[in-house]
1. Does residue 26 satisfy being of a type outside the set (S, T, N, Q), modelled with pLDDT under 90 and surrounded by 14 or more Cβ atoms within 10 Å (Cβ to Cβ)?
2. Taking the stretch 1-23, which residues are open to solvent by less than 80 Å² (accessible area, probe 1.4 Å) and not in a strand (DSSP E or B)?
3. Being under 11 Å from the mean Cα position of the chain (by Cα) and without any contact (Cβ under 8 Å) to a residue 12 or more places away in the chain is the filter; apply it to the stretch 29-43 and report the residue that is surrounded by the most Cβ atoms within 10 Å (Cβ to Cβ).
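The values are calculated or read from the model by the stated rules, or taken from the named source; none is laboratory data. Bear in mind that the values here come from a model prediction, so they are computed numbers and not experimental data. Note that each Cβ is placed from the backbone with ideal geometry, even for glycine, and that neighbours are counted across all protein chains shown. For the accessible areas, the whole protein counts, side chains as well, though only heavy atoms, and no ligand, DNA or RNA atoms are used. Shrake-Rupley method; radii C 1.70, N 1.55, O 1.52, S 1.80 Å.
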Amino acid sequence: MVAGYETVTVYLPSRKATLVVMINTDVRRQGQEPSTLLARAITQVVTPGNVYDSKATSPRG
């Protein structure tokens, strides 16, 4: 992990949608990582039926 740098990369096959978030901060807000908050906010608008959840795991394990 590089301090001050976070990423989120997710793919939604049913919509053929890819989201890549790259930010240069790691300052937590309300106890959560900023990349998680940003990914959640974006997916609430773009794919409201499939909102990002950082607890989800890859189907490959």
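1. yes
2. 4 - this is the single residue of the stretch 1-23 that is open to solvent by less than 80 Å² (accessible area, probe 1.4 Å) and not in a strand (DSSP E or B).
3. 37
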